[in-house]
1. Surrounded by 17 or more Cβ atoms within 10 Å (Cβ to Cβ), of a type outside the set (V, I, T), touching a helix residue (DSSP H, G or I) at 6+ places or on another chain (Cβ under 9 Å) and more than 17 Å from L5 (Cα to Cα) - does that describe any residue in region 58-67?
2. If a residue counts only when it is within 23 Å of I12 (Cβ to Cβ) and free of Cβ contacts under 8 Å to residues at least 12 places away in the same chain, which strands (runs of 3 or more DSSP E) contained entirely in region 45-138 have at least 1 such residues?
3. Hey, can you tell me all the residues within region 111-125 that are under 24 Å from G87 (Cβ atoms) and either in contact with a Leu (Cβ under 7 Å, 6 or more places away or on another chain) or of a type in the set (S, T, N, Q) (or both)?
4. Hey, can you tell me all the residues within region 18-35 that are surrounded by 13 or more Cβ atoms within 10 Å (Cβ to Cβ) and either under 18 Å from Y73 (Cβ atoms) or without any contact (Cβ under 8 Å) to a residue 40 or more places away in the chain (or both)?
5. Could you count how many residues in region 1-17 are buried (at least 17 other Cβ atoms within 10 Å of the Cβ) and touching a residue at least 60 places away in the same chain (Cβ under 8 Å)?
Amino acid sequence: MLIKLAEFDSEILGCFPIMSQLRPHLQQVNFVEQVRHQMKEGYKLAFLQSEKQTVAVAGFRISTCLASGKFLYIDDLVVDELKRSQGYGQQLFQWLIEYAQNHHCQHLSLDSGVQRFEAHRFYLMQRLSITSHHFSMELQ
């Protein structure tokens with residue numbers, strides 16, 4: 001098992017098949033360009049490989065706000081649907097916790113769609129608390 005940050009275009013592109021399971025609106029043709037753009041804003045893409053195959057991906061960023069201080073925010077966290085319940089998600093999540101601690105973050109947080117019951121069960125098993133409601137509005 002290997003977990004590392006995607007640095008090269010080939011590594012970013014290798015994350016696409018897994019990321020597209022969580023974000024089906026993404027298109028492979030501009031995935032690297034989109035990730036590179038987000039990286040300029042602090043986004044990082046971590047991936048877990050087992051037997052040289054990417055099986056889990058996490059997109060995240062470190063930020064600071066008045067409410068939480070310095071925190072690691074997980075934008076995307078997904079395990080290949082054919083590899084779930086084999087511990088990969090837990091390994092990647094633990095890596096994210098350690099990354100946050102090593103970067104002096106006081107909190108780790110994420111948002112999850114209200115319909116994602118299996119994900120919620122996983123987050124609760126990882127000892128996350130439901131601490132707020134997230135409200136949003138589409139802007140035209």
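The values are calculated or read from the model by the stated rules, or taken from the named source; none is laboratory data. This structure is a prediction, so every number in the text was calculated from the model and none was measured. Here Cβ is always computed from backbone atoms with ideal geometry, including for glycine, and neighbour counts include all displayed protein chains.
1. no
2. On the way: elements: 53-65, 69-79, 107-110.
Those strands (runs of 3 or more DSSP E) span 53-65.
3. Correct list: S112 only.
4. So in region 18-35, the residues surrounded by 13 or more Cβ atoms within 10 Å (Cβ to Cβ) come out as 18-23, 26, 31-32, 34-35.
Passing the criteria: M19, S20, L22, R23, L26, F31, V32, Q34, V35.
5. 1
The rows are residues; the columns are (1) over 19 Å from Y43 (Cβ atoms); (2) modelled with pLDDT of 80 or more; (3) among the basic types (K, R); (4) surrounded by fewer than 14 Cβ atoms within 10 Å (Cβ to Cβ).
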{"site": "S85", "(1), (2), (3), (4)": "yes, yes, no, yes"}
{"site": "Q94", "(1), (2), (3), (4)": "yes, yes, no, yes"}
{"site": "A100", "(1), (2), (3), (4)": "no, yes, no, no"}
{"site": "Q106", "(1), (2), (3), (4)": "yes, yes, no, yes"}
{"site": "G113", "(1), (2), (3), (4)": "yes, no, no, yes"}
{"site": "F117", "(1), (2), (3), (4)": "yes, no, no, yes"}
